[in-house]
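The values are calculated or read from the model by the stated rules, or taken from the named source; none is laboratory data. What you are looking at is a predicted structure, and each value in this text was computed from that prediction instead of being measured. Cβ placement follows ideal geometry from the backbone for every residue including glycine, while neighbour counts extend to all protein chains displayed.
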């Protein structure tokens, strides 16, 4: 049985008990009145004895027959007791009003309980609706991923090859000495179903012992349709790779900020980090480094300016 059904059953049960109590009190009062119970007996003997003497008293007897303080203050008769006055027929309307007031208190308590239950139901419905909306937005919104695409690759023969229209072309020693094999392109891919608006991107060189250095940055303000990609920036890391050591490795930090069509104010963030491997002259993607938020970046640029 659900909690709502239990509450209704309890409410009807309590209401039935309330009506039964009123009915029982009414019957008791009527029964006492008709049967002439103790509350309705008149003590005529005491009244005649206490009120007036049967024979005139002489002056000598009068002081002896006066009521003593104890007799004057004796308890009232049963017909004047509190219980008898409480269940008197004339007092029934007041009794009914008392029980009606008690019933009103219980009714108010039940009303507050119902309001509380309805509030919980509305809150849960709102939470479910919010979750459904978030799930829908998550499935339809733009999700932009970033990736660094190498300009050239080293083959098993130890030589570097660059690609021209998907065809590998061997690079000359002059090109390798110039560091052209260490060029990379930042590619953005919209994995969502709706367009993404690219707000800002930054590419930094991070080192342990030195401060970060800006490699490339921009504010393209460009849309990328759902499922499309865009090669946004090519850059060369040969200058930074020359100074890379085991004690002071070189890391390439890319932070991208974009918006989706379901919000005009929220700025989403994509953060990727690569580490340069000197033994292979390649970049390896790593995780676990906290991103630089858009707000922090904006504050940093403001201070720098």
ask   = Of all residues in region 220-246, which are more than 25 Å from residue 178 (Cα to Cα) and modelled with pLDDT under 90?
value = none
Extreme residue, surrounded by the fewest Cβ atoms within 10 Å (Cβ to Cβ), among residues of region 195-233 that are within 38 Å of the chain's Cα centre (by Cα) and without any contact (Cβ under 8 Å) to a residue 24 or more places away in the chain = 219
ask   = Based on what the data block shows, is residue 144 free of Cβ contacts under 8 Å to residues at least 12 places away in the same chain and over 20 Å from residue 283 (Cα atoms)?
value = no
message = If I go through region 240-277 residue by residue, how many of them are under 24 Å from residue 138 (Cα atoms) and not in a loop (DSSP other than H, G, I, E, B)?
response = 12
query = Does region 154-175 contain any residue that is surrounded by 10 or more Cβ atoms within 10 Å (Cβ to Cβ) and under 23 Å from residue 195 (Cα atoms)?
reply = no
